[in-house]
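No value in this document is a laboratory result; all are computed from the given coordinates. Computed from a prediction, not measured in an experiment: that's the story for all the values here. Glycine also receives a Cβ, built like all others from the backbone with ideal geometry; neighbour counts cover every protein chain displayed.
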Amino acid sequence: MKQYDCVIIGAGVAGMTSAIYCKRAGISVLLLEKGVPGGQINKTSTIENYPGFKQIDGPTLAMNMIDQIQSLEIPYQYGNVTSIEIQGEDKIIHTDMGDIQAKRIIVASGRKPRELGLPNEKALVGGGVSYCAYCDGMLYKDQDVAIVGGGNSALEEALYLANICKNVYLIHRREEYRADQILVDKIKKYDNIKPCLNQEVIEILEQNNKVCGVRLKDQSVLNVTGIFIYVGQIPETSFIENLLTLDQGYIVTNEHLETEIPGIYACGDVLKKELYQISTAIGEGALAGTNVVKSLK
Ligand code: NAP
């Protein structure tokens, strides 16, 4: 079994930052990831509030960080963590690719999109239902689409789709958006973004396994070919739920970002916290990495 001073679960911006701090401090570190390195920012079309970049797209920012990880020769491995076992001071990480032993763990597993929970939603993924406008938007060029949600993600991606699609129906269940004012102001400037406020999608209409419309709670129908769902996110903590006391699925830590189990730290969107931003994830990644190093020396 391979052994490391620190294994970081999740190679999003928080995990990659922790890895940089651990590696530069001279401890042996492994970055474990079950998806694409970069995590959620790979699905973000435009970032305008990360200092140093007036505007940058998510995949480019992710690529810049991955370059840095590679130039530091930080070991990176695919692996889906299924559970963690405590053996004295050591921890055994069980993954679908085998077990790994670590003195310390940093959980940076982030969050995944929340589903709307409509009956045919899952079956229509790839047939018109999407959780990533940046990945799938071009498939709907010059077509009518719907975005569901009223947070920063929904509004940002509505702006992205407005430049590609014919009309973008922005369906939000309340009168007020839960997004930054700058985004609320921007969407008003697009004639082809059509806000549908105080509305909910009650049915996804389909024909030949493809989306052909959505029915709203007032029974009106929008004839869209794509529906992009941005109704929040849920933390990826199922592999650790029997080990830690979670708060609505989120990990709680002390101010050093250490959990109730000594030697297990957490950072990024998986934390219970006030602000979910790239800048906060990076700050927490740096702090978790630094505290792991301190605890080992
Ligand atoms: P969010 O802020 O939690 O917003 C989710 C939206 O979906 C809310 O408007 C919510 O409505 C709505 N919603 C939830 N469940 C629903 C349902 N079942 N049916 C219909 N609508 C539903 O999620 P997010 O936009 O993904 O953002 C997540 C976090 O990342 C936030 O903290 C956000 O600020 C941050 N973020 C920041 C940026 C940025 O700074 N540029 C970009 C993206 C994300 P209600 O308002 O009625 O609850």
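Can you list the DSSP H helices in the chain whose Cα atoms extend at least 18 Å along the helix axis and whose mean Kyte-Doolittle hydropathy is -0.5 or higher?
Numbers: long enough: 58-71 (20 Å, 0.06); 278-296 (27 Å, 0.81).
Helix filter hits for the chain: 58-71, 278-296.
Counting Lys +1, Arg +1, Asp -1, Glu -1, what net charge surrounds Ala266 among other residues with beta carbon under 14 Å of its beta carbon?
Residues near Ala266 contribute -3 overall.
Quote the charge dipole size of the chain about the Cα centre in Debye, to the nearest 20; the model charges only the Cβ of Lys and Arg (+1) and of Asp and Glu (-1).
340
Compute the relative contact order of the chain as a whole-number percentage, counting only Cα pairs closer than 8 Å that sit 6 or more residues apart in sequence. Can you show the working numbers first?
On the way: 665 pairs, mean separation 63.6, N = 297.
This gives 21 percent for the chain.
If I take R0 = 45 Å and measure r between the Cβ atoms of Ile164 and Gln70 in this structure, what FRET efficiency does the formula 1/(1 + (r/R0)^6) give, to the nearest 0.05? Walk me through the intermediate numbers first.
Values: r = 32 Å, r/R0 = 0.71.
Efficiency computed from Cβ-Cβ geometry: 0.90.
From the convex hull of the Cα coordinates of segment 1-157, what is the mean projected area in square nanometres?
On the way: hull surface 47.0 nm².
Quarter of the Cα hull surface area: 11.7 nm².
Let me have the relative contact order for segment 80-238, percent, based on Cα pairs under 8 Å that are six or more residues apart.
Values: 317 pairs, mean separation 41.9, N = 159.
Value for segment 80-238: 26 percent.
Over every pair of different alpha-carbon atoms in segment 100-145, take the mean of 1/r and invert it; report that Kirkwood radius in Å. Numbers along the way, then the final one.
Values: mean 1/r = 0.0723 Å⁻¹.
It works out to 13.8 Å.
Quick one: check the C-alpha center-to-center distance for segment 280-297 versus segment 1-70, whole angstrom.
Each part's Cα centre sits 14 Å from the other's.
What is the local net charge at Gly26, summed over the other residues whose Cβ is closer than 15 Å to its Cβ (Lys, Arg +1; Asp, Glu -1)? Walk me through the numbers before you get to the answer.
On the way: positive: Lys23, Arg24, Lys103, Arg104, Lys294, Lys297; negative: Asp5, Glu73.
Surrounding charge for Gly26 is +4.
State whether segment 243-297 is rounded, prolate or oblate according to the following rule on the C-alpha gyration tensor (a ≥ b ≥ c being the square roots of its eigenvalues): a/c under 1.5 gives rounded; otherwise a/b larger than b/c gives prolate, and the remaining case gives oblate. Before the final figure, lay out the partial values.
Numbers: a/c = 2.77, a/b = 1.13, b/c = 2.44.
Oblate, since a/c reaches 1.5 and b/c is not below a/b.
Given only helices, namely DSSP H runs of n ≥ 4 each adding -39500 (n - 2.57), what is the per-residue ellipticity at 222 nm of the chain, to the nearest 500 deg cm²/dmol?
Values: 6 runs with 68 residues, N = 297.
Value at 222 nm, helices only, nearest 500: -7000 deg cm²/dmol.
Calculate how large, on average over all directions, the projected area of the Cα convex hull of segment 157-252 is; give the answer in nm² to one decimal.
On the way: hull surface 36.0 nm².
In nm², the orientation-averaged hull projection of segment 157-252 is 9.0.
Simple spin-label model, 7 Å along Cα-to-Cβ: Phe53 to Arg174 in nm?
Taking the simple label geometry, Phe53 and Arg174 are separated by 2.9 nm.
Tell me which cysteines of the chain come out unpaired when the rule is another cysteine's Cβ under 4.7 Å.
For the chain, the answer is Cys6, Cys22, Cys165, Cys196, Cys212, Cys267, because their Cβ atoms have no other cysteine Cβ under 4.7 Å.
Which loop trypsin sites (Lys or Arg not before Pro) in segment 3-80, with loop taken from DSSP, have no more than 16 other Cβ atoms within 10 angstrom of their Cβ? All intermediate terms of the calculation are to be shown ahead of the outcome.
Values: sites: Lys23, Arg24, Lys34, Lys43, Lys54; in loops: Lys34, Lys54.
Qualifying residues, ordered by number: Lys54.
Compute the length gained on full extension between Asp142 and Glu274: take 0.36 nm times their separation in residues and subtract their Cα-Cα distance, giving the result in nm to one decimal. Present the calculation step by step, with values, prior to reporting the outcome.
On the way: separation 132, 0.36 × 132 = 47.52 nm, distance 3.83 nm.
Between Asp142 and Glu274, full extension yields an extra 43.7 nm.
How big is D, in µm² s⁻¹, for the chain by Stokes-Einstein at 10 °C and 1.306 mPa s if Rh is the Kirkwood radius over C-alpha pairs? Don't skip to the end; give the middle numbers.
On the way: Rh = 20.3 Å.
The estimated diffusion coefficient comes to 78 µm²/s.
Set the Förster radius R0 to 35 Å, insert the Cβ-Cβ distance between Glu260 and Arg24 as r into 1/(1 + (r/R0)^6), and round the FRET efficiency to 0.05.
Working: r = 28 Å, r/R0 = 0.80.
Computed FRET efficiency for Glu260 and Arg24: 0.80.
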